[in-house]
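What follows is a set of notes on a single structure, which appears directly below.
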Amino acid sequence: MDGDQLAQFLRTRRAAVRPGDPTAGLRRVSGLRREEVAERAGISPDYYTRLEQNRTSRPSAQVVAALATALDMTEAQRAHLHRLTGHQAQPSPPQNLEPEPALLRVLDQLPSTAAHIMTDLGETLAQNALSVALFGDASLHTGASRSTYYRWFTDPTARKVFAEETRDRETRARVADLRATWVRRSDAAARELVDRLRRESEEFEGLWAAHEVAARFTERKRIIGPTGVLELYAQFLSAGSPHQVLVVFTPVPGTDAAGRLSRIGELSQAAAGT
């Protein structure tokens, strides 16, 4: 059990949960009181306090499940809590850097919108032409820079493709998503990436300490392309494997993104023909 991390995670989650009746009495905490968490979980306040202070032994799986419910945790947060307490350890995933055939078949059928296949550690395995036109050729990156997570926090140019007003939100989403991956994989590759980012980026270290955990499914983005700003939805699709994802960027209805994508495609084809 990682007692220090568990204590920090419990404290941050307790502070984030809104009480059922915030007007009931004078409150000096932003979220739930320790006594309220203990009551919800069916454990003693003293025992819960010792968990938050890393002064007790590993809680049982039943107590962990009760705490996850008491603190209104998402599935990703529940998985993180179980890992911190040493329950239900996940096997290390295989290191497959070849794109999944099922995802590759779908990618091949998407010529009119940007799409690429990535590993859960942010390494791009395949791109279509529009993805290259919008985000650059990912095959040029080597070493740790193969990971978009790493580039986001160590290369200032990595953020320039995203509209400035969306970059803070994008940053937080990437950290929360990487933590969900770190929880699920629990292997050397994930630990190495996270440890390196914590050493090299104060921004990442600060956000990592917040213990945000969330998997990404659909996000609205403002992408700066060759023809201006595009309003796009990013959909994260899998084909059964949790270790690879197909990211598809589709135009937001009611915007001019579809026309801009079409024009980018024409420019890309013209450049390829010269």
ask   = What tally of residues in region 164-223 results from selecting those that are acidic (Asp, Glu) and closer than 19 Å to Val248 by Cα?
value = 3
request  = Among the residues of region 29-50, write down those that are among the aliphatic types (A, V, I, L, M) and outside any loop (DSSP other than H, G, I, E, B).
outcome  = Val37, Ala38, Ala41
message = Any residue at all in region 68-75 that's of a type in the set (D, E, K, R), under 30 Å from Ala133 (Cα atoms), in a loop (DSSP other than H, G, I, E, B) and at pLDDT below 90?
response = no
query = Phe153 versus (1) surrounded by fewer than 15 Cβ atoms within 10 Å (Cβ to Cβ); (2) closer than 22 Å to Ala76 by Cβ; (3) more than 10 Å from the chain's Cα centre (by Cα): which is the lone unmet condition?
reply = (1)
task = Take Leu230 and decide whether it is touching a Phe, Trp or Tyr at 6+ places or on another chain (Cβ under 9 Å) and either assigned to a strand (DSSP E or B) or closer than 21 Å to Thr157 by Cβ (or both).
result = yes
message = With the requirement that a residue be touching a residue at least 60 places away in the same chain (Cβ under 8 Å), in contact with a Lys or Arg (Cβ under 9 Å, 6 or more places away or on another chain) and surrounded by fewer than 19 Cβ atoms within 10 Å (Cβ to Cβ), what does region 240-274 give you?
response = Pro242, His243
key: Single unsatisfied condition, Phe236 versus (1) out of contact with any helix residue (DSSP H, G or I) (no Cβ under 6 Å at 6 or more places or on another chain); (2) farther than 19 Å from Ser147 by Cβ; (3) among the hydrophobic types (A, V, I, L, M, F, W, C); (4) surrounded by fewer than 17 Cβ atoms within 10 Å (Cβ to Cβ)   = (2)
ask   = Can we say Glu200 is acidic (Asp, Glu), within 26 Å of Ala16 (Cα to Cα) and not assigned by TED's automatic domain parsing to the domain that holds Thr74?
value = no
task = Given the conditions (1) of a type outside the set (Phe, Trp, Tyr); (2) crowded, with 21+ Cβ neighbours inside 10 Å; (3) over 24 Å from Pro251 (Cα atoms), report the number of the one that Leu103 does not fulfil.
result = (3)
query = Can you tell me which of Arg174, Arg179 is crowded, with 19+ Cβ neighbours inside 10 Å and among the basic types (Lys, Arg)?
reply = Arg179
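The values are calculated or read from the model by the stated rules, or taken from the named source; none is laboratory data. Owing to the predicted nature of the structure, the values given are computational and were not obtained by experimental measurement. Cβ sites come from the backbone with ideal geometry, for glycine too, and all protein chains shown count toward neighbours.
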